[in-house]
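Q: Shown below is the structure under consideration.
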Amino acid sequence: MNQTPDLEKLLTDPVVAALARAEETAWFTASPTETAAGIEASGIDPTIVADAQARFLRFAPWFAERFADTRATHGILESALVGIPDMQAELGKRFGTELPGKLWVKRDDSLPVSGSIKARGGIHEVLQVAERLAVEAGLMGPDDDARVLMTPAVQEVLSKHGIAVGSTGNLGLSIGIVASELGFKTTVHMSLDARAWKKDLLRSRGVEVVEHAGNFSDAVEAGRKTAEEDPSVWFVDDEASLMLFAGYSVAGARLAGQLKALDIAVDADHPLIVHLPCGVGGGPGGVTFGLKLAFGDAVHCVFAEPTHSPCMSLGVRTGLHDGISVQDIGLDGLTAADGLAVGRPSRLVGEHLQQLIDGYVTVTDERMKAFQGLLHDTEDIDIEPSAAAGFAGPWRILGDETYRNAFGLDDARMANATHIVWSTGGSMVPAAEMAGYVAEGQRLAGEVVWG
């Protein structure tokens, strides 16, 4: 399917060569693309965002009834935006450079239902499939309360259909939890090295978990094959799904509301810089699309990846997108950031959204864990290692004068900047495992090189 890339030629690019050596890297786009032009070039219809927003609202009464952790928000799946001044000050000391502007964390690690950013995309796709099946069966109208899905007639229809997905963990959790609650026969294909507690939780909800010896791409391919063999099974394609993408993109309008409520200006003189952990790319890509729709040229989006699995950075840098994997340049793809352990990127995001992505940063596992330990110590916030990848980004931008000059990010604008690190998972991690993460992170905070 994919031709073997010319490795010798690719390695003449110093960024690709550094990626191949599993070094920490940072590279940024050379010049800005106007948001309107970037959205048009993406070929993605912006109306899918409003459609997803409306679907989440229709399902809010269902969530409030079925999931206790959504009742305080009347069924709306949303996370807090939290200022982290002590973490900002501590990292300024560690890196030897004070960060101008203010640093915040978007707490998608505590999103209701599944405790990760995947509650935006994965859940949205399951809702869309359930709604479509009920409408096609003549059992649900466009304005009906989504709780009609739990009536015996609709349950009989849904029980005859399956949902399948390949996942490193959090996407499988979000889909498995909601699909099983809706009555679908649900199968999650995962690699053997995915977290055991995630597999156990899924099985406790009646989800079939199929383990594979290969990596994320192998799990995805297995899920895709299952759906191809059984027309009653819907495959959630994390590599190319617009339904997933649309769910993630709702975050843009939601964040705009939160910033407005906090009286935080976002415009040319008050830039918003968002740092997004990236695995296959669907989550950060969808969020980026939503942010660009909400804030236009005033928002800058930077993707962060593990040094051993920088698939999006590699795909975009080489222009090969899903035609190249990290294994092609000699990397093993193994990382403690299991949600980011992806060897081959999403073509949907890399090829169609590259003009809207400002930069790409790679981070070692040790540094991600150190960030995690520092966040616990300074702010009493606990997240997964993968959710901490974005913390390197603000200081990488400070160190790239060429990028700042090209985008007009002078000293005055940087002093007014709002940096948001998107935290993508962690609240469902068992307490003992989280304690182990924190202890290791605290130790590594004193060992990694910060300067």
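The values are calculated or read from the model by the stated rules, or taken from the named source; none is laboratory data. The structure presented is a predicted model; accordingly, all values stated were derived computationally and were not measured. No Cβ is skipped: glycine too gets one built from the backbone with ideal geometry, and neighbour counts run over all protein chains shown. Keep in mind that these areas ignore ligands, DNA and RNA; they rest on the heavy atoms of the full protein, side chains included. Shrake-Rupley method; radii C 1.70, N 1.55, O 1.52, S 1.80 Å.
Q: Which value, in debye to the nearest 20, gives the size of the charge dipole of segment 316-408 about its Cα centre, when Lys and Arg are +1 and Asp and Glu are -1 at the Cβ?
A: The calculation lands at about 400 debye.
Q: Here is a further query. Through the Karplus equation 6.51 cos²θ - 1.76 cosθ + 1.60, θ set to phi - 60°, convert the phi angles of segment 90-102 into ³J(HN,Hα) values in whole Hz; use x for Gly and Pro.
A: 5, 5, x, 5, 5, 7, x, 9, 6, 7, x, x, 10
Q: Which of the listed residues, A153, G141, I117, is farthest toward the dipole's positive end in segment 115-157, when Lys, Arg count +1 and Asp, Glu count -1 at the beta-carbon?
A: Selected residue: I117.
Q: Further question on the same structure: Farthest toward the dipole's positive end in the chain, which of G333, L375, W395, given Cβ charges of +1 (Lys, Arg) and -1 (Asp, Glu) about the Cα centre?
A: Projecting each Cα onto the dipole axis, the largest value belongs to L375.
Q: Next question, about the same structure. Work out Dmax and Rg for segment 223-281 from the C-alpha atoms and quote the Rg first, both in angstrom.
A: So, for segment 223-281, Rg and Dmax equal 17.7, 54 Å respectively.
Q: By the scheme Lys and Arg +1, Asp and Glu -1, what is the net charge of all other residues having a beta-carbon under 15 Å from that of V16?
A: That sum, taken over residues with Cβ under 15 Å, equals -4.
Q: Give me the percent of accessible area attributable to carbon and sulfur for the chain, probe 1.4 angstrom.
A: 51 percent
Q: What does the charge dipole of segment 157-248 about its Cα centre add up to, to the nearest 20 debye, if the Cβ of each Lys and Arg holds +1 and the Cβ of each Asp and Glu holds -1?
A: So the dipole magnitude of segment 157-248 works out to roughly 360 debye.
Q: Still on this structure, I have one more. Largest first and to the nearest Å, give the Cα extent of segment 115-158 along each principal axis.
A: 33, 19, 15
Q: With a 1.4 Å probe and every protein chain left in place, work out the accessible area per residue of the chain in Å², rounded to a whole number.
A: It amounts to 37 Å² per residue over the chain.
Q: Turning to a different aspect of this structure: Let me check against my output: what whole-number percent is the relative contact order of segment 113-236, with C-alpha pairs under 8 Å and at least 6 apart?
A: 26 percent
Q: Under Stokes-Einstein, with the Kirkwood radius over Cα pairs standing in for Rh, what whole-number D in µm²/s applies to segment 105-203 at 4 °C and 1.567 mPa s?
A: Rounded, D is 92 µm²/s.
Q: In addition: Find how much the distance from K102 to Q327 grows on full extension, using 0.36 nm per residue of separation minus their present alpha carbon separation; answer in nm with one decimal.
A: 77.2 nm
Q: Taking H placed 1.01 Å from N in the peptide plane, check which residues at least 5 places from A164 or on another chain put their amide H under 5 Å from its amide H.
A: Those lying under 5 Å, H to H, from A164 are T187, W234, F235, V236.
Q: Right, next: Tell me, in nm to one decimal, what length is gained between A412 and T47 on full extension, where the rule is 0.36 nm per residue of separation less the Cα-Cα distance?
A: Full extension from A412 to T47 adds 127.8 nm.
Q: Residue separation times 0.36 nm, minus the C-alpha to C-alpha distance between H270 and R147: what's the value?
A: Separation in residues times 0.36 nm, less the Cα-Cα distance, equals 40.0 nm.
Q: Before anything else, pin down the relative contact order of segment 233-352: Cα pairs under 8 Å, at least 6 apart, normalised by residue count, whole percent.
A: 29 percent
Q: Moving on to the next point. Under a Cβ-Cβ cut-off of 14 Å, what is the net charge of the residues other than I44 that fall near it, where Lys and Arg count +1 and Asp and Glu count -1?
A: Residues near I44 contribute -2 overall.
Q: Out of all DSSP beta bridges with both ends in the chain, state the antiparallel percent to the nearest 5.
A: Antiparallel: roughly 20 percent of the beta bridges in the chain.
Q: Please compute the net charge surrounding H124, taking Lys and Arg as +1 and Asp and Glu as -1 over other residues with Cβ under 15 Å from its Cβ.
A: Residues near H124 contribute -2 overall.
Q: Working from the pairwise distances between different alpha carbons, so that the mean of 1/r is found and then inverted, what is segment 352-410's Kirkwood radius in Å?
A: In segment 352-410 this quantity evaluates to 13.1 Å.
Q: If you don't mind, there's one more thing I want to ask. Whole-Hz ³J(HN,Hα) for each residue in segment 69-79, computed from phi via Karplus 6.51 cos²θ - 1.76 cosθ + 1.60 with θ = phi - 60°, x for glycine and proline: what do you get?
A: 6, 9, 5, 5, 10, 6, x, 7, 8, 8, 10
Q: Please list, in order along segment 408-425, the HN-Hα scalar couplings obtained from phi with the Karplus expression 6.51 cos²θ - 1.76 cosθ + 1.60 (θ = phi - 60°), rounded to whole Hz, x for Gly and Pro.
A: Ordered by residue, 3J(HN,Hα) equals x, 8, 6, 4, 5, 5, 5, 5, 9, 6, 10, 9, 10, 8, 8, 8, 9, x Hz.
Q: What FRET efficiency would be calculated for the residue pair E401, E208, taking the C-beta separation as r and a Förster radius of 56 Å, to the nearest 0.05?
A: With R0 = 56 Å, the Cβ-Cβ based efficiency is 0.60.
Q: Dividing the alpha-carbon radius of gyration of segment 404-451 by 2.2 N^0.38 Å (N being the number of residues), what value is obtained?
A: Dividing the Cα Rg of segment 404-451 by 2.2 N^0.38 Å gives 1.82.
Q: Taking K225 as the anchor, which aspartates and glutamates have their alpha carbon closer than 12 Å to its alpha carbon, excluding any fewer than eight residues away along the same chain?
A: In chain and number order, the partners are D237.
Q: Return the long-range amide H neighbours of G169 (sequence gap of 5 or more, or a different chain), with a cut-off of under 5 Å between placed amide H atoms.
A: none
Q: If exposed means no more than 15 neighbouring beta carbons inside 10 Å and the site is in a DSSP loop, what's the longest run of the chain without any exposed trypsin sites (Lys or Arg not before Pro)?
A: The reported range is 206-451.
Q: From the residues G408, G425, S386, which one has its Cα farthest along the dipole of segment 377-435 in the positive direction, the dipole being from +1 and -1 charges on Cβ of Lys/Arg and Asp/Glu about the Cα centre?
A: Of the candidates, G408 comes out farthest on the positive side.
Q: Which of K198/K369; K118/K199; K106/K199; K118/K369; K106/K369 have a Cα-Cα distance over 23 Å?
A: As for pairs spanning more than 23 Å Cα to Cα, those are K106/K199.
Q: Quick one: compute a quarter of the convex hull surface over the Cα atoms of the chain and quote it in nm².
A: 20.1 nm²
Q: Just need the relative contact order of the chain here, percent rounded to a whole number, with Cα pairs under 8 Å and 6+ apart.
A: 22 percent
Q: In nm, give the distance between the simple-model label positions of A431 and R443, each being 7 Å from the Cα along the Cα-to-Cβ direction.
A: For the pair A431/R443, the computed spacing is 2.3 nm.
Q: Additional query: What dipole magnitude, in Debye to the nearest 20, does the chain give about its Cα centre under +1 on Lys/Arg Cβ and -1 on Asp/Glu Cβ?
A: 580 debye
Q: Distance between the C-alpha centers of segment 338-365 and segment 267-312? Whole Å please.
A: Cα centroid to Cα centroid, the span is 9 Å.
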